[in-house]
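The values are calculated or read from the model by the stated rules, or taken from the named source; none is laboratory data. Only a predicted model underlies this, so the values are computations on that prediction, with no experimental measurement involved. Cβ sites come from the backbone with ideal geometry, for glycine too, and all protein chains shown count toward neighbours. Surface areas here come from the heavy atoms of the whole protein model, side chains and all, with no ligands, DNA or RNA. Shrake-Rupley method; radii C 1.70, N 1.55, O 1.52, S 1.80 Å.
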Amino acid sequence: MQPAEMNTQDGHIDSAQFARIEKQAKVTEVGVTRSRSAGQEIWYRLRTNHWAMFGLYVLAVVIIMAIIGPLISQYDYYTTNLDATNQAPSSEYWFGTDNLGRDMFSRTWKGAQISLTVGLAAALADLLIGVLMGGIMGYFGGKVDEFLNRFSEVLYAIPYLLVVILVSVVLGSNMWTIVLAMSITGWINMSWIVRGQIMQLKNQEYVLASRSMGAGGFHILLRHLVPNSLGPIIVTVALSVPSAIFAEAFLSFLGLGVQSPAASWGVMINDALSSWKMYPWQLLFPAGMLTITMLAFNIFGDGLRDAFDPKMKV
Amino acid sequence: MIRFLLRKTVNIVLSLFVLATATFFLMKAIPGDPFMQEKNVPDVVRQNLIKFYGFDKPMWEQYLVYLNNLIHLDLGMSMRQQYQSVSDIIARSFTYSLQLGLVAIVVSIIVGIAVGLIAALYHRKLIDKLAMLFATLGIAVPNFVLGTIIQYYFANKFRFFDVAGLNDPSDFVLPTIALSVLPIAFIARLTRSTMLEVLSADYIRTAKAKGIGSLTILIRHALRNGLLPVVSYVGPMTANIITGSVVVESIFGIAGLGKFFTMSVSNRDYTLIMGITLFYAAILMFARFLTDIAYALIDPRIKMMKKGGGGHAAG
């Protein structure tokens, strides 16, 4: 900023100096970005992170295709056609057909619908339960915290996938029982993050100010504490979506996922495994889409974490 | 320290108890008895089966018997594998899983740290970028897809390795790769980020200023502190490798615990499911317990409190 001020003191400014000042502004970027609001700054950091934006674009494409994909193809995802089994990809069947002659293009995007729904629903359930429990633990502290913390420790020790498998065996498998099974222990990580954040935040002055003005516990929790711990919460949600998608695929691989004719990527991979050496596209499309989606979620989540907490960035 | 260990032990016992109770009542909640599916079983045989497994007694009595048996490490008889007790099946199959699991853990730690270290030393160079690309891919590719594909290319097509089984050392190669890619990717990222932080610390600059050789600095000063997060990842890593082995063992035809678990799930062998679930959980908790102790011993700054740990088994 120093040279810019010196220039204006000369009395006349020509266009060359304008250019120089602009350049100067870029160099002292820290000073410039400080004038943005916190939200803008996070968005700026995210936007300039090419990897994260790439992940975001890929996710957008996958989500759009999950919505319109099954509608584009002239074949639906469940009608079997025994005259056209195991067809290679062609102009007729863009992604080929499976062993029952179902259109792989429609099935792949229907699978995207199911996998994404499971992932997002599980993440949402983790979010709601985790924020509530973590908020209660962190805010009230004392005996309540001790009890809930112990409870979640005990629950956390039980392996995630085992609980999911166990509950799916008992409840039968459809999309919602899988989500339910995942959220039984899925919320714990989130609750600990929220708890830690809130314990840190609750002794800050503005909370004291709010309290001295007569604000109640839940008002402080929802108006002050939760919004201020939003960063780690969002990042945890973004990173728990891919693990839920993976868990669903894993369950389907064990035969506990959604049942035919519904298609999830895990189900399609499992169906393709016996004959993929002859019909590689049956494995390639669902496995490729699963990998791409997991990849996109992971790099986007990493980018979000860096954007929220630049100190963590390395 | 003793209070810390005590608290952890009580937690483990409590968790196992909760899990045992939950599995028991979950399995009882399934409508019908496990012999409904069997056709052409004479009524007398059926009654005898029900009596043999104790299903004619009231629920609370069954539960108490079950708990009592558990304390004596008796997990009951398998319902599908004839004349075999669950404990026998677990003992027999676990030897395979343990061998494979230990190899995978050792490989993951060594390769993961090496990759992370190299990436940190060549920060922002091509090697670093390649290593991180590999690490991101390793987290994204599902192990069941990876396992199937490497099995096809390296065993079926080019015949470098046997397709299935676990008989001689070369048989370990493919399953180990399939199992350790995810943990390697995690450890590499963890090592890289902490090493970058440590390498820019003041005491490293001091060491450099004193003229200590860079290799000595790396080993004596940087690695010591840079590897702490990796230690804390060993617990969750065991979880990853164990749940990964469920799939990898069925792909590579290894008669380990994972294969029996998949089998018990697909043919609804309830006692076996319950037994293996409890066994897996016990191993995992034990691994976490050891990790906590190791961590507390290595880093005296850590207050002996709950550690957050690494999230879901899937990563």
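Please pull out the direction-averaged projected area of region B:89-269, using the convex hull of its alpha-carbon atoms, in nm² to one decimal place.
12.1 nm²
Rounded to the nearest 500, what is chain B's calculated 222 nm mean residue ellipticity when only DSSP H runs of at least 4 contribute -39500 (n - 2.57) each, over all residues?
It lands at -22500 deg cm²/dmol.
Based on DSSP H runs of at least 4 residues, each adding -39500 (n - 2.57), what is the mean residue ellipticity at 222 nm of chain A after dividing by all its residues, to the nearest 500 deg cm²/dmol?
-23500 deg cm²/dmol
Kyte-Doolittle mean at least 1.6 and Cα extent at least 24 Å along the axis: which DSSP H helices of chain B qualify?
B:86-121, B:270-298
Between A:Q204 and B:D56, what FRET efficiency follows from the Cβ-Cβ distance if R0 is 56 Å, with the result rounded to 0.05?
0.35
Give me the inter-chain shielding for B:144-156: mean count of other chain Cβ atoms within 10 Å, whole number please. Write out the running numbers ahead of the final one.
Values: counts 10, 13, 2, 0, 7, 5, 0, 0, 4, 0, 0, 0, 1.
Partner Cβ neighbours, averaged per residue: 3.
Putting +1 on Lys and Arg Cβ atoms and -1 on Asp and Glu Cβ atoms, find which of A:I233, A:L283, A:G301 reaches farthest to the positive end of the dipole of chain A.
Positive-end residue among those listed: A:I233.
Can you tell me the Rg and Dmax of the protein assembly as shown, counting just the alpha carbons, in angstroms?
When restricted to the Cα atoms of the protein assembly as shown, Rg and Dmax are 27.4, 109 Å.
Looking only at other chains, what is the average number of their beta-carbon atoms within 10 angstrom of each beta-carbon in B:290-297? The partial results should precede the final answer.
Numbers: counts 0, 0, 0, 0, 0, 0, 0, 0.
For this peptide, the per-residue mean of nearby foreign Cβ atoms is 0.
Determine, from the Cβ-Cβ distance of A:E92 and A:L230 and an R0 of 56 Å, the FRET efficiency 1/(1 + (r/R0)^6), rounded to the nearest 0.05.
Result of the calculation: an efficiency of 0.70.
To the nearest 20 debye, what charge dipole does region B:89-269 have about its Cα centre, counting +1 at the Cβ of each Lys and Arg and -1 at the Cβ of each Asp and Glu?
So the dipole magnitude of region B:89-269 works out to roughly 660 debye.
Using the alpha-carbon atoms, what tilt in degrees (0 to 90, nearest 10) does helix A:230-253 show relative to the longest principal axis of chain A?
The helix A:230-253 is inclined about 10 degrees to chain A.
Per residue, how big is the convex hull of chain A when only Cα atoms are used? Give it in Å³.
Residue-normalised Cα hull volume stands at 202 Å³.
Summarise the partner chain shielding of A:108-115 as one whole number: the mean count of Cβ atoms from other chains within 10 Å of each residue's Cβ.
Mean inter-chain Cβ contacts per residue within 10 Å come to 0.
For chain B, what is the accessible area per residue in Å², given a 1.4 Å probe and the full set of protein chains?
50 Å²
What's the local net charge at A:V235, with K and R +1, D and E -1, over the other residues with C-beta under 11 Å away? Each step should come with its number before you reach the end.
Numbers: positive: A:R305; negative: A:D302, A:D306, A:D309.
Local net charge: -2.
So for the pair B:K129, B:V44, with labels modelled 7 Å out along Cα→Cβ, what separation do we get in nm?
Distance between the two pseudo-spin positions: 7.9 nm.
Projected onto the charge dipole of the protein assembly as shown (+1 at Lys/Arg Cβ, -1 at Asp/Glu Cβ, origin at the Cα centre), which of B:N225, B:M79, B:A207 gives the Cα projection farthest towards the positive end?
Result: B:A207, furthest along the dipole toward the positive end.
Calculate the FRET efficiency for B:V65 and B:D202 from the Cβ-Cβ distance with a Förster distance of 60 Å, rounded to the nearest 0.05. Before the final figure, lay out the partial values.
Details: r = 63 Å, r/R0 = 1.05.
Once the sixth-power term is evaluated, E becomes 0.40.
Between beta-carbons, use under 13 Å as the cut-off and find the net charge around B:L257, counting Lys and Arg +1, Asp and Glu -1.
Here the charged neighbours net out to 0.
Compute the distance in nm between two label points, each set 7 Å from the Cα along the Cα-to-Cβ direction, one at B:N267 and one at A:L100.
2.5 nm
Pairs of Cα atoms under 8 Å, at least six residues apart: use those to get the relative contact order of chain B, whole percent.
The normalised contact order for chain B reaches 24 percent.
What's the carbon and sulfur percent of chain A's accessible surface, probe 1.4 angstrom, rounded to a whole number?
Percent of accessible area from carbon and sulfur atoms in chain A: 64.
Give the B-A buried accessible area in Å², both sides summed, 1.4 Å probe, nearest 100.
Values: alone 18120 and 17300 Å², together 30870 Å².
Using a 1.4 Å probe, the pair buries roughly 4500 Å².
Using a 1.4 angstrom probe on heavy atoms only, work out the carbon and sulfur share of the accessible area of region B:89-269 in %.
66 percent
In whole Å, what is the distance between the alpha-carbon centres of region A:122-159 and region A:207-276?
When both Cα centres are located, 15 Å separates them.
State in Å² the accessible area per residue of chain A; use a 1.4 Å probe, count heavy atoms of protein chains only, and round to the nearest integer.
48 Å²
Would you please put B:271-279, A:56-64 in order of how densely packed they are, using the mean number of other Cβ atoms within 10 angstrom per residue and starting with the highest?
B:271-279, A:56-64
Using the per-residue mean of other Cβ atoms lying within 10 Å as a proxy for protection, in what order, highest first, do the peptides B:245-257, B:165-177 fall?
Put in order of decreasing packing, that is B:245-257, B:165-177.
What residues of region A:265-310 lose no less than 50 Å² of accessible area with every protein chain in place versus their chain by itself (probe 1.4 Å, heavy atoms only)?
A:W276, A:K277, A:T291, A:L295
Hey, what's the Cα Rg ratio for chain B versus the globular rule of thumb, 2.2 N^0.38 Å?
Chain B yields a ratio of 1.21.
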